[in-house]
Amino acid sequence: MTAIMVIVPREPVQEIVAGGRERILAQVEDRIRAEVRSEYLGRLSKAGFWKRIRLRYEMWREIRQRIDEKAPPGGLYARSEGDR
């Protein structure tokens, strides 16, 4: 007699929640801003007025891009059992 054992991993039950992007942003936005600021700090300190304006715009774009990678706008966000 041969027995076959099938192990099925249990996935946490998920449901789509409202405000999922805002919840993620609350967790990562400050960290992303600090990372980008530290990356640009050396260039900002040496730059003239117009160069600083351009660098601040580049920083803003980089922050937006990283935030959108972590929490895409228009995405559906799920909450697992561990989030309840």
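Derivation of every value follows stated rules applied to the coordinates shown; laboratory data play no part. Everything numeric in this text was worked out from a predicted model, so none of it was measured. A quick note on method: Cβ atoms are made from the backbone with ideal geometry, for glycine too, and the neighbour counts reach across all protein chains shown.
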Can you tally the net charge around Lys51? Count Lys and Arg as +1, Asp and Glu as -1, for every other residue whose Cβ sits under 12 Å from the Cβ of Lys51.
+4
Neighbouring Cβ atoms within 10 Å as the yardstick, rank Asp30, Asp68 fewest first.
Asp30, Asp68
Taking neighbour Cβ counts within 10 Å as the exposure measure, how do Lys46, Lys70 sort from fewest upward?
Lys46, Lys70
When the Karplus curve 6.51 cos²θ - 1.76 cosθ + 1.60 is applied with θ = phi - 60°, which whole-Hz ³J(HN,Hα) does each residue of segment 40-55 get, with x for Gly and Pro?
8, 4, x, 5, 5, 5, 9, 7, x, 4, 5, 5, 4, 4, 5, 5
Point-charge dipole on Cβ atoms (K/R +1, D/E -1) for segment 15-83, about Cα centre, debye to 20:
700 debye
